[in-house]
Amino acid sequence: MPRPTSAQIAYGSATVVLSTLAMLLLTGAGSVTGVAVIALGALALGLVVAAAVPVPRRSPRTVAGSTRVPRQRAGSAPARVGEHSLHG
């Protein structure tokens, strides 16, 4: 299982804190049960937000010793061995 990125942790934590405060202020919950339900809901929302943050993909590593073949320009014919181009 891959580790979460710092962006996922930051967005998820901010979502939990802000959504908990917003729901507590909007509902006016005062009982222990109400606060617990709101906290669990905010935690679930934070997990969803953290999972939705796109994870940067790693670039494929090049194999040691491999050579890169340059691309051929469009419309040009491949040069044959021993042939020289006069066009420059």
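Values in this text are rule-based calculations from the coordinates and carry no lab data. Quantities reported herein were computed from a predicted structural model and do not represent experimental measurements. Note: ideal-geometry Cβ built from the backbone for every residue, glycine included; neighbour counts use all protein chains shown.
FRET efficiency for VAL35 and ARG3, Cβ-Cβ distance as r, R0 = 25 Å, nearest 0.05?
Working: r = 31 Å, r/R0 = 1.24.
With R0 = 25 Å, the Cβ-Cβ based efficiency is 0.20.
Could you check the spin-label model distance between ALA14 and ALA51? Points 7 Å from the Cα along Cα→Cβ, value in nm.
Spacing of the two 7 Å Cα→Cβ label points: 2.1 nm.
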